[in-house]
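The values are calculated or read from the model by the stated rules, or taken from the named source; none is laboratory data. Small disclaimer: the values here were computed from a predicted structure and weren't measured. Positions of Cβ are generated from backbone atoms using ideal geometry, with glycine treated the same way; all protein chains shown enter the neighbour counts.
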Amino acid sequence: MRRWWKPTLLGAFVVAAVVVALTVGVPPLPEVRAAVADAGWAGPVLFAALYAGLSLTPVPATVLSIAAGVLFGWAVGVPVVMAGAFTGAAIGFLLARHLGRTALDGVGGERLARLDAFLRRRGLVAVLAVRMVPILPFAVINMACGLSALRTRDYLVGSGLGMLPAVTAFVGIGAYGTEPGSLPFLVSAGGLALLLVGGAVLARRRRLA
């Protein structure tokens, strides 16, 4: 019985996060803009904290990244989003690792054992590949990695490096969305398209393997 209290707590957290996402959702952009303006220098810090919190729910991280570009521009928006995304990714991973992993030990079977062995050997590369595909649900990746045998170091390094291209592209789209013919917008949109195509190719190869 004691073995299952942590997974039960994790399940309750996931349910609560879904309820929050469905009932609260993302605050309207004008309200966020006004709050950021009123906060002054603390605005980017508050937005990063909001990003980290919402990244634990099913709220799409891409929407928040684009909003950061609108609010702060590209130069400030990228580090703000990276700070919030990295913090949220670390929290989600650690919650799953400490509350859910124990339930899988000894009951996952041979398939899980093979997956764990692969992630111990190639975890950094695996996280890099997954993070560079911007269509995969952010919160799901965090939890799934935490439930695996992936090394914490590989997860954190892979997440930090792997999130940067997509974050840069989405923030750029938000920052230059009013100038769709500008070079920064075209570069951001082109980079995002490359990431999407790369993700599709990777997924196809996985299915054929």
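As an exercise: evaluate Leu104 against (1) over 12 Å from the mean Cα position of the chain (by Cα); (2) at pLDDT 85 or above and give the number of the one condition it does not meet.
So the condition that Leu104 fails would be (2).
Among (1) at pLDDT 85 or above; (2) under 20 Å from Thr62 (Cβ atoms); (3) within 18 Å of the chain's Cα centre (by Cα); (4) among the β-branched types (Val, Ile, Thr), there is one condition Thr152 misses while meeting the rest; what is its number?
(2)
From the list Ala37, Ala16, Ala49, Ala21, pick out the single residue that is among the small types (Gly, Ala, Ser), farther than 17 Å from Met82 by Cα and at pLDDT 55 or above.
Selected residue: Ala37, the only one of Ala37, Ala16, Ala49, Ala21 that is among the small types (Gly, Ala, Ser), farther than 17 Å from Met82 by Cα and at pLDDT 55 or above.
What about Ile141, is it modelled with pLDDT of 85 or more, surrounded by 20 or more Cβ atoms within 10 Å (Cβ to Cβ) and β-branched (Val, Ile, Thr)?
So Ile141 fits the description; yes.
For Ala48, indicate whether it is part of a helix (DSSP H, G or I), over 17 Å from Val171 (Cα atoms) and in contact with a Gly (Cβ under 8 Å, 6 or more places away or on another chain).
No: the conditions fail for Ala48.
With the requirement that a residue be polar (S, T, N, Q) and in a loop (DSSP other than H, G, I, E, B), what does the stretch 55-101 give you?
If the condition is that a residue be polar (S, T, N, Q) and in a loop (DSSP other than H, G, I, E, B), then Ser55, Thr57 are the ones that fit.
Looking at (1) over 23 Å from Ala67 (Cβ atoms); (2) among the β-branched types (Val, Ile, Thr); (3) at pLDDT below 90, which is the one condition that is false for Thr178?
(1)
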